[in-house]
Amino acid sequence: MARILITSAIPYINGIKHLGNLVGSQLPADLYARYQRSRGHEVLFLCATDEHGTPAELAAAKAGQPVDEFCAQMHAVQKEIAEGFRLSFDHFGRSSSARNRALTQHFAGRLADNGLIEEVSERQVFSIDDNRFLPDRYITGTCPNCGYTQARGDQCENCTKQLDPTDLIDPRSAISGSTRLEVRETKHLFLRQRALRDRLEAWIDSKTDWPVLTTSIAKKWLYDGDGLQDRGITRDLHWGVPVMRGDRPWPGMEGKVFYVWFDAPIEYIACAAEWADAHGYADSAWERWWRTDKGAEDVRYVQFMGKDNVPFHTLSFPATIMGSGEPWKLVDYIKSFNYLNYDGGQFSTSQGRGVFMDQALQVLPADYWRWWLLSHAPENSDAEFTWENFQASVNKDLADVLGNFVSRVTKFAATKLGDTVPGGGAPGPLETALIADLGARVREYEALMEAMEVRKAAAELRGIWVIGNEYLQAAAPWSAIKTDPARAEAIVRLALNLIRVYAILSQPFIPDAAQAMLAAMGSPDAQWPDHIGSALTALPPGHAFTVPENLFRKITDEERADWQTRFAGVRT
RNA sequence: GGGCCUGUAGCUCAACGGUCAGAGCAGGGCGCUCAUAACGCCUUGGUUGGGGGUUCGAGUCCCUCCGGGCCUACCA
């Protein structure tokens, strides 16, 4: 039995995430976690909300709430939605937790002790009316290059020219519109990533099995221009982890907080501690997942994230861990995803474009979305969600291929042979062939799941469902029952067992339907079918089963058209 | 500007440099009647974005052009 630590990129707190966010990290992470658990491995699957930073402060202000209350409320909302999607986190933590505060300060102290922190004085724009320093992109003005009046302080979106906020003509705060801006001196801490560059490079180079998307982004940052840059890890904000050197004050840094991208990855560790706290476990319980000197040397750590998160997970966070000089677990595998687009454009949280997680669940149960999203995961390139494709895939794959299979088997069995597994007949050549075919396919499915080939695994699973229908067609119990009832009983016995096996195999993708199938088969036992032949005799003659409600309903053309219209515009 | 990814059948996607470029859906034909008008079998359909090159052999490697997307370090 292996021990597998799984983390999903932690969603930002400032709103409900859209389906693109979901499929890029939490959902495939859940797929993997569920699969590894069902294979009998010990899994710790962690996620949390990422709560610090300027956008959180602004979102709270907009909602008219203190930022801590806002975050607490949004955390609860995201937690509930995650449960709605059946995301099986062992713990859903908060980057604002006391555990993360202490760990973040601890890491900063260790880095400083090891000479990897540099204090740098910078000049930044301060908005007098907002009473805050403004990140470059929160300053707008007229582009000196093209005259565009809505240019941001980091880059003009119109002519794409890179800008410095002081380049802007008539600069103003993007938050309040105030023009009372001034440049002020401020001191910040920088993580000396340059000093760790060679170690990071060697480490990245050793990861030859990582997805191209992951390593190419990492190498771009390692080699681009002057190479890896030192990174500021503090900000002049009110909401965040206060800058401390371990448990001691940091002279000159009073009133400042750590940069959200410094504390957010540390939450992966802190979340494990939160998990232990929530269950009343000792520190050793979480340390055996994270400290290689305390039992984590045999842990395999896998991270899931969208491509925009890759630099922080391949460079910044590893630099933090390496630089600490302490035996923390480094990630073993990074599965990264491209973006999911929505009907010809991008999903957009800020513009409210696309389908958001709460809306999705109002329209259809989790399994429908899980199946479509995972079977179309943007692994090799950006993918696109359209309602036509969603309707076609869900109706065909779930309702027709799987749902109808369960329906036709259970209804035939119950109607013709009673409400228990029939005992007559014996397996023949068709059954032998099915078992051989299924066995080979399950082994392939296992290999794809192990490799996190999400789309291919979904296709293989679908193929596994299909052979059930092929078998029924060939065996034709509806004919056999007229001439050779014992033969029909043998067919039905196998088909009912097939439903149970399908439930187990399908559970990572569609957990609710899988549960319904197991319940209908009266089978609390969900042992992975290591041996197909014996797995297909798990339900013995005389075992009671029930006919379940249809597992999946079809999406009608009217519904599709309605949803298309409803989600075409901007979220209100 | 630089970097990376991407372009394959009407649609969504596969194909360690090596049979005739495959699969699902959609389309066409046949079969079945247990089932959610579901299922099964057969089948139409591609000058692999254009052009050049390397190679015994290129969807795959190189050059170039065209199109789409992402990143570019102070949003997270």
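The values are calculated or read from the model by the stated rules, or taken from the named source; none is laboratory data. Note that the structure is a prediction, hence the values are computed from the model and not measured. As a convention, Cβ positions derive from the backbone with ideal geometry for all residues, glycine included, and neighbour counts pool all protein chains shown. Accessible surface is based on the protein model in full, side chains and every heavy atom, while ligands, DNA and RNA are left aside. Shrake-Rupley method; radii C 1.70, N 1.55, O 1.52, S 1.80 Å.
Observations
- Each peptide in A:11-24, A:164-177 receives the mean, over its residues, of other Cβ atoms within 10 Å, and ordering these scores from highest gives A:11-24, A:164-177.
- Cα-projected label distance for A:Asp198 with A:Ala519, points at 7 Å along beta-carbon direction, nm: 6.1 nm
- Taking 14 Å as the cut-off, no amide N atom of the stretch A:2-34 comes nearer than this to a point 7 Å along the Cα-to-beta-carbon line of A:Val212.
- Scaled against the 2.2 N^0.38 Å expected of a compact globular protein of N residues, the Cα radius of gyration of the stretch A:383-535 reads 1.06.
- Gyration tensor over the Cα atoms of the stretch A:384-451: the corresponding equivalent ellipsoid has semi-axes (square roots of 5 times the eigenvalues, largest first) of 30, 22, 9 Å.
- Difference of contour (0.36 nm per residue) and Cα-Cα distance, A:Glu549 to A:Asp170: 130.0 nm
- Eligible lysines near A:Lys187 by straight Cα distance, threshold 22 Å, same-chain separation 8 or greater: A:Lys256
- Per-selection Rg to Rh, chain A - Cα, Kirkwood hydrodynamic radius: 1.04
- In nm, spacing of pseudo-spin labels at A:Asn145 and A:Gln473 (7 Å Cα→C-beta vector): 5.9 nm
- When you filter the GluC sites (Glu not before Pro) in the stretch A:436-499 for DSSP loop state and at most 12 other Cβ atoms inside 10 Å of their Cβ, nothing is left.
- Chain A: angle of helix A:511-520 to the longest principal axis, Cα-based, in degrees nearest 10: 20 degrees
- DSSP beta bridges in chain A [antiparallel fraction, %, rounded to 5]: 55 percent
- Peptides ranked, highest mean first, by Cβ atoms within 10 Å: ranges A:421-434, A:262-275: A:262-275, A:421-434
- Remark: spin-label model distance A:Gln162-A:Arg180 equals 3.4 nm, labels positioned 7 Å along the Cα→Cβ axis.
- Reachable aspartates and glutamates, given that their alpha-carbon falls under 14 Å from the alpha-carbon of A:Lys62 and they are not under 8 places away in the same chain: A:Asp130
- Measuring nothing but how far apart in sequence close Cα pairs (under 8 Å, 6+ apart) lie, relative to its length, the stretch A:117-191 scores a relative contact order of 41 percent.
- Looking at the stretch A:117-191, the accessible area is 54 square angstrom per residue; that uses a 1.4 Å probe and ignores ligands, DNA and RNA.
- Each listed q (0.16, 0.28, 0.29, 0.31 Å⁻¹) maps to a log10 I(q)/I(0) for the stretch A:258-302 from the Debye sum over equal C-alpha point scatterers, namely -0.46, -0.97, -0.99, -1.03.
- Dipole of chain A, positive direction: furthest Cα of A:Ile504, A:Phe262, A:Leu364, with charges on the beta-carbon: A:Ile504
- Of all accessible heavy-atom area on chain A, the percent that carbon and sulfur account for (1.4 Å): 49 percent
- Segment A:Ala459-A:Lys416, length gained on full extension (0.36 nm per residue, minus Cα span): 12.2 nm
- Chain lengthening between A:Leu430 and A:Glu450 when straightened (0.36 nm per residue, less Cα-Cα): 4.2 nm
- Estimated FRET transfer efficiency (A:Glu80, A:Glu388; beta-carbon r; R0 30 Å; 0.05): 0.50
- Relative contact order of chain A, defined on C-alpha pairs under 8 angstrom at six or more residues apart (%): 16 percent
- Cα extents for the stretch A:20-121 along the principal axes, largest to smallest and rounded to whole angstrom: 51, 41, 24.
- Solution diffusion estimate, µm²/s, Stokes-Einstein, the stretch A:117-191, Kirkwood Rh from C-alpha pairs, 20 °C, viscosity 1.002 mPa s: 170 µm²/s
- Only helices enter the 222 nm calculation for chain A: every DSSP H run of n ≥ 4 contributes -39,500 (n - 2.57), and dividing by all residues gives -13500 deg cm²/dmol, rounded to 500.
- The simple Förster model, with R0 at 25 Å and r as the Cβ-Cβ distance, assigns A:Ala526 and A:Gln346 a FRET efficiency of 0.05.
- Quick note on the stretch A:415-481: its Rg to Rh ratio, both from C-alpha atoms and Rh being the Kirkwood radius, is 1.10.
- Long pairs among A:Lys416/A:Lys456; A:Lys17/A:Lys329; A:Lys335/A:Lys456, criterion Cα-Cα beyond 26 Å: A:Lys416/A:Lys456; A:Lys17/A:Lys329
- Taking the average, over residues, of other Cβ atoms within 10 Å as the packing measure, peptides A:204-215, A:297-308 rank A:297-308, A:204-215 from highest down.
- Per residue, the stretch A:286-360 exposes 30 Å² of solvent-accessible protein surface, assessed with a 1.4 angstrom probe and all protein chains in place.
- For the stretch A:500-510, Karplus couplings with θ = phi - 60° (6.51, -1.76, 1.60), whole Hz, Gly/Pro x: 4, 5, 4, 4, 5, 5, 8, 3, x, 7, 10
- Between helix A:67-84 and chain A: long-axis angle, C-alpha atoms, 0 to 90°, nearest 10: 20 degrees
- Gyration tensor (alpha-carbon) shape descriptor, the stretch A:1-53, a/c threshold 1.5: oblate
- Heavy-atom accessible surface of the stretch A:383-535, averaged per residue, reaches 37 Å², computed with a 1.4 Å probe.
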